[in-house]
1. Compute the signed sum of charges (Lys and Arg +1, Asp and Glu -1) over the other residues within less than 14 Å, Cβ to Cβ, of PHE478.
2. Considering Cα pairs under 8 angstrom that are at least six residues apart, work out the relative contact order of the range 1-94 and quote it in whole percent.
3. How far, in degrees from 0 to 90, does helix 307-331 lean away from the longest principal axis of the Cα atoms of the chain, to the nearest 10?
4. Quick one: what Rg and Dmax do you get for the range 240-290 from the alpha carbons, in Å?
5. So, with a 1.4 angstrom probe, what is the percent of accessible area on the chain that is carbon and sulfur?
6. Of SER331, LEU346, ALA480, whose Cα points farthest to the positive end of the dipole of the chain (charges on the beta-carbon: +1 Lys, Arg; -1 Asp, Glu; origin at the Cα centre)?
7. Which lysines have a Cα lying under 28 Å from the Cα of LYS295, excluding residues fewer than 8 positions away in the same chain?
8. Could you state the accessible area per residue of the range 132-288 in Å², with a 1.4 Å probe and every protein chain left in place?
Amino acid sequence: MHDVVIVGSGPTGLMLAGELRLAGVDALVLERRPSQELAGSRGGGIHSRTIELLDQRGIADRFLAEGRTLQTAPFGGTQLDLGSLPTRHPYTLALFQNHIERLLLEWVEELGVQIRRGVEVTGVSADDGGAAVELAGEGPVRARYVVGADGGRSVVRRSAGISLVGPDATRSSLIAEVKVAGEPGQQGKVDARGIHGLYPMGDGVVRVVVTEASLSPAAEPTLDDLKQALLEVFGTDFGVHSPIWVSRFTDATRQAESYRKGRVLLAGDAAHVHSPTGGLGIGLGLQDAVNLGWKLGQVVLRNSGEELLDTYHAERHPAGARALKYTMAQSLFQKADPRQEALRDLLDEVLRVDAAGAPIAALVTGLDVAYDLGPGHPLLGRRMPDLDLITADGPSRVYQFLHQGRPVLLDLGAPALDPGGWAAQVQQVRATYDGAWQLPVLGTVDAPTAVLVRPDGYVAWVGEGSADGLDAALTTWFGARQR
């Protein structure tokens, strides 16, 4: 029996596998595809907080070396400034999913993650003793826990009986990578149907996005469907041929009622589906994975009780719901309609006022996520800034201490702290930092004397001149004191 079986080796499944491996857990990934190759480049783009998560694991440079950074993000008709956000990565990284998956695969292979390819999961059942993952044409694979990272049509979610709830689709769009007759330049258009565009990608390949005249069924689209839609919008089908891939997406916005049902958990698109507007999908999945990985590791290793897994839903469901609100709001502006244009123009006036767009910029980038850990210092429940520290061994950064996925007790002043019975789990770092503590949206906050940083980079406890509450926080997140 495996500790954990992850169904799906997309970005979310790979990130979770890496997190579990760092935690010392036996995780097996099951993937239907025979290889990691994708047909086409697919979606793309990750934002500041997701880049920070990769930085926390020491692999952000791999992604930055292959993508292109953009210091603005759109909302309505306004380009929001990301460059002034208080982060080491104040930008969006334009990088398609095929490259993101390839780089994540390199990382998990270095960690020794097991991936079985060419297997189709047909169902999941669970009881008090574990879970069984049913495979087509062979016997089940058993595990203590199963995580569905198998996309919006998740077999794991359906087998577990977890409902998706939210607004139905109002329109559908086709997206494709094809070859065309000749070499048309970039073209874009917005009309009453929606947004449409052709974007040359090199080597004669063009990415096409076109909104359909009416909401189409979920069936896989054909090249003829694409030709017809282009003809209706542009008066020509541009001679499209040799499709690399053709797909359909809608503006349906749904979220799993629960991210956990006993021994079955959901992450990424299996837990939330939405319009690709804004490029939030990959980042949301990676953030789910990093939140879940260390918690599931704690439970599997019996350092913590199963109640720790309940905090996964409690934290990630509200964070996901807030991100979905952005995708719904942004999709309103993606068609020509006088009333929506009036709203967009008025919103643009508001957002141009100094710093008025900062809350939305922080939402888009994921830097505004704040988990409800109770009252206290503004840092509590928020992501830890990547401060430049001075330690006994010389200069360092906070995120360098998170590379192995272990919690950090950062001691910045008197009184000296003692992790006691948690010393084997928690790294204690004594350092100094003399700069300002800047948080997105909130601005400058009072400097703490110590912070307890979880493996996902969020602050679990803040010291303000004493060790009050430290033992309770260590117990909550990392189990009972070891004797």
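1. Values: positive: LYS295, ARG302, ARG406, ARG454, ARG481; negative: GLU307, ASP456, ASP471.
Net charge around PHE478: +2.
2. On the way: 99 pairs, mean separation 21.9, N = 94.
About 23 percent, as a whole number.
3. So the helix axis and the longest Cα principal axis differ by about 30 degrees.
4. 14.2, 48
5. Summing carbon and sulfur atoms, their accessible area is 50 percent of the total for the chain.
6. It is ALA480.
7. LYS261, LYS325
8. Details: 6300 Å² over 157 residues.
That works out to 40 Å² per residue.
The values are calculated or read from the model by the stated rules, or taken from the named source; none is laboratory data. Small disclaimer: the values here were computed from a predicted structure and weren't measured. Here the Cβ is made from the backbone with ideal geometry for all residues, glycine too, and neighbour counts use every protein chain on show. Quick note on the areas: whole protein, heavy atoms, side chains included, nothing else; ligands and nucleic acids left out. Shrake-Rupley method; radii C 1.70, N 1.55, O 1.52, S 1.80 Å.
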